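The values are calculated or read from the model by the stated rules, or taken from the named source; none is laboratory data. All of these numbers come straight from a predicted model, not from anything done at the bench. Cβ coordinates were reconstructed from backbone atoms using ideal geometry, including for glycine residues, and neighbour counts include every protein chain displayed. Surface accessibility is based on the protein's heavy atoms, side chains included, excluding ligands, DNA and RNA. Shrake-Rupley method; radii C 1.70, N 1.55, O 1.52, S 1.80 Å.
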Amino acid sequence: MDIVGYFIALVVIVGFVSAESRISRADRRVARVERKLDLILDHLGLRDDDPRMAKVAALLRDDKKIQAIKEYREITGVGLAEAKEAVERMGRA
């Protein structure tokens, strides 16, 4: 009975790890597609700016980069790395 229990536990663990891996890969692919789409929209000048982004720009002007990143994440719902990249692009523009 113990061997069957260990086998079932192993199968469940492997299943969770496999599912997590697939979800992680899908998240990375979606993020890559979103970055590409953002580049295309920027190139075409088709940005639909959120009025709340003015607060992010104001925080950048006041040299409050970390707060700007937090605000950007709150507005857009993106991850930390994506928000940091976006805020840094805003700072260079």
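The table that follows gives values for the structure above.
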| quantity | calculated |
| --- | --- |
| Neighbour count of at most 14 Cβ within 10 Å plus DSSP loop: longest trypsin sites (Lys or Arg not before Pro)-free window in the chain | 1-46 |
| Calculated FRET efficiency for the pair HIS43/GLN67, C-beta based, R₀ 35 Å, to 0.05 | 0.75 |
| Heavy-atom accessible surface of the chain: percent carbon and sulfur, 1.4 Å | 61 |
| Stretch gain in nm, segment VAL78-ALA57, where the contour uses 0.36 nm per residue and the Cα spacing is subtracted | 5.9 nm |
